[in-house]
1. Farthest toward the dipole's positive end in the chain, which of ILE18, PRO126, LEU167, given Cβ charges of +1 (Lys, Arg) and -1 (Asp, Glu) about the Cα centre?
2. If you count the DSSP beta bridges with both ends in the chain, what percent of them are antiparallel, to the nearest 5?
3. Tell me, what is the percent relative contact order of the chain, built from C-alpha pairs under 8 Å that lie six or more residues apart?
4. Give me SER151, SER72, SER53 ranked fewest to most by other Cβ atoms within 10 Å of their Cβ, as a rough exposure proxy.
5. Greater than 20 Å separation of Cα atoms is the criterion. Which listed pairs, LYS29/LYS86; LYS91/LYS150; LYS62/LYS121, meet it?
6. In the neighborhood of HIS9, defined by Cβ-to-Cβ distances under 12 Å, what is the net charge if each Lys or Arg adds +1 and each Asp or Glu adds -1?
7. Once you charge only the Cβ atoms, +1 for Lys and Arg and -1 for Asp and Glu, what is the size of the charge dipole of region 121-171 about its Cα centre, to the nearest 20 debye?
8. Taking the alpha-carbon distance from LYS87 and a cut-off under 17 Å, which aspartates and glutamates remain once sequence neighbours fewer than 8 residues away in the same chain are dropped?
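Values in this text are rule-based calculations from the coordinates and carry no lab data. Quantities reported herein were computed from a predicted structural model and do not represent experimental measurements. Backbone-built Cβ (ideal geometry, glycine too); neighbour counts: all protein chains shown.
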Amino acid sequence: MEITVTFRHTEPIESLRIYAEEKVSKIKKYLDVPLEAHVVLTVEKFRHIADVSLRVNGTPIKAVEETGDMYSAIDQVMDKIENRVKKHISKIRDHRPENEKAETGEPLDAGQEGPVIEVEKMVAKPMDPEEAAMQLSLLRQDFLVFRNAKSREINVIYRLANGNMGLIIPG
């Protein structure tokens, strides 16, 4: 998650920056994809304005809130953002095509010759290879697909016959 906080017409206050980053980072519980967030905190006379812009899979989500206190402006703008993210997620979930039999794990074509290919949709969560190795040791699977937190590329970690683990990195 990449969060940038910008201060306009005011001195940068570390506690405000940390507070804004904590509030924005709570949005990642709704999303499994990498997230870019930009927070602009502005002071104009007695108005404190919090402006938050997110980019979720290329879709921009933006909200602005203005109050007399910067902390309450951040709280209120994050409530708006949270509602818009929930709405975005439900919209994506509700507008899936009806003919997604391949993604539900059913065979692509039962009448075809050759091997039957079953498609399983996996969410590649961002994590370090060490964390992925720990997750794989806890799971009862032979491999784990994950997004490398540093390189942001899809990686695969798998169990070897000798008990060690192998890592596939795209090249």
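1. Projecting each Cα onto the dipole axis, the largest value belongs to ILE18.
2. That works out to approximately 75 percent antiparallel.
3. It rounds to 13 percent for the chain.
4. Result, fewest neighbours first: SER151, SER72, SER53.
5. LYS91/LYS150; LYS62/LYS121
6. On the way: positive: ARG8, LYS45, ARG47; negative: GLU11, GLU44.
Charge balance near HIS9 sits at +1.
7. 180
8. ASP32, ASP79
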